[in-house]
C-alpha cells in the first residue's frame, strides 16, 4: 500500500462532505452483470463508506476494510450496523470467508501490484464478481480549467493520479481492465461509463480539492496559498464532469495459487 493512501484520515470529515456519493445506477449495473444473488461482499479502501452504503442498502452483507483509522471512524458514523468493518490495508486483510462480490471505489491504485489479482480471486467464489469503479472529477469549462491550472502551477504541476500501468487516456480499455483481461483468474471483463454532471460552489470545489492526495502532500502553508489562488480563479459556481468508470469481471473456476477455494 502506498504511504500516500494514508493521508486522507486528517481530512475524513471533509472527504465525507465534499466527495460525491455513488448513484443507484451503479448498483443496478453491478447486480445486472452478476446475474445471481449477491449476499456477501468484501470492500477494500472503503474510505468514509460512500460506496459501502449503496451496496449495504440492498441487503448485501458488506465487510468494509480501510487502512486509515480516521477514515474508518468516519465510515462507522454513516453505515448501518449490518456492515462489518476492519482496519487493514488491502495487503493485510485476513479473512477465511469467501464472497460473491469484491468491490473497490477509487482506491485500487493504492494497492501493491504483486499478487493483487490472486488475492482478490482468492476471496471470491467461482463466478464471483469484481467491481472496480471511480474516476476524476474535472472542471467542465476548459477556460476555467486553464485558469485553475495557472493558479496551481507555481506550487503543483499536476493533481492527477497517473494510470498505474501507463495506459494512455485515449486507449479504449483503461486500467484496471487492462490487467483483468490479461489475468487467467478472471473472465467476461467489461468497462462501462456512468455519466455524471455536477454543479457546485467555488468554495465546495476547493473543499473537494482539500481531499485530493496531491494537495495533502503539500506543506500546510503552501496548500493554503494554492487554495486561495484557485478559489480566486473560479466563478461563483462551477460545472464538473464526474463520470464513473466501472470495470467488471468474473472469477474463473481455475484454482487460485495458495488458496483452498
Taking only the alpha-carbon positions of the stretch 1-146 as identical scatterers, the Debye log10 I(q)/I(0) at q = 0.20 Å⁻¹ comes out as -1.29
Longest principal axis of the chain (C-alpha) makes with the long axis of helix 24-34 (C-alpha) an angle, in degrees to the nearest 10, of 30
Taking Cα atoms, the helix 220-233 axis meets the longest principal axis of the chain at an angle in degrees (rounded to 10) of 70
For the chain, the Debye formula with one identical point scatterer on each Cα and no solvent gives log10 I(q)/I(0) at q = 0.10, 0.15, 0.16 Å⁻¹ as -0.51, -1.13, -1.27
Taking only the alpha carbons of the stretch 84-157, the radius of gyration and the largest Cα-Cα distance, Dmax, both in angstrom, are 18.4, 52
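Restricting to the chain, compute how many DSSP beta bridges are antiparallel as a %, nearest 5. Please report the intermediate quantities before stating the final value.
On the way: 20 of 38 bridges.
Looking only at bridges with both residues in the chain, the antiparallel portion is about 55 percent.
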Note on the stretch 206-261: alpha-carbon gyration tensor, axes a ≥ b ≥ c; rule is a/c under 1.5 for rounded, else prolate if a/b larger than b/c, else oblate; result oblate
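Please state the relative contact order of the chain as a whole percent: Cα pairs under 8 Å, 6+ residues apart?
Numbers: 455 pairs, mean separation 60.9, N = 261.
Relative contact order comes out at 23 percent.
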P(r) over all Cα-Cα pairs of the stretch 149-244, 10 Å bins from 0 to the longest distance, whole percent per bin, short to long, reads 13, 34, 29, 18, 6, 0
Relative to the chain, whose Cα atoms define the longest principal axis, helix 142-152 and its Cα axis are tilted in degrees, nearest 10, by 80
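Arrange the following residues from fewest to most other Cβ atoms within 10 Å of their Cβ: 182, 149, 251.
182, 149, 251
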Proxy exposure order for 158, 183, 14, 201 (fewest C-beta within 10 Å first) is 158, 201, 14, 183
Quick note on 124, 38, ordering by fewest other C-beta atoms within 10 Å, gives 38, 124
What helix-only [θ] at 222 nm does the chain give? Using -39500 (n - 2.57) per DSSP H run of at least 4, over all residues, to the nearest 500, the answer is -9000 deg cm²/dmol
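All of the numbers you see were taken from the coordinates with simple rules; none came from a lab. Because the structure is predicted, anything quoted here is derived from the model rather than measured. Here Cβ is always computed from backbone atoms with ideal geometry, including for glycine, and neighbour counts include all displayed protein chains.
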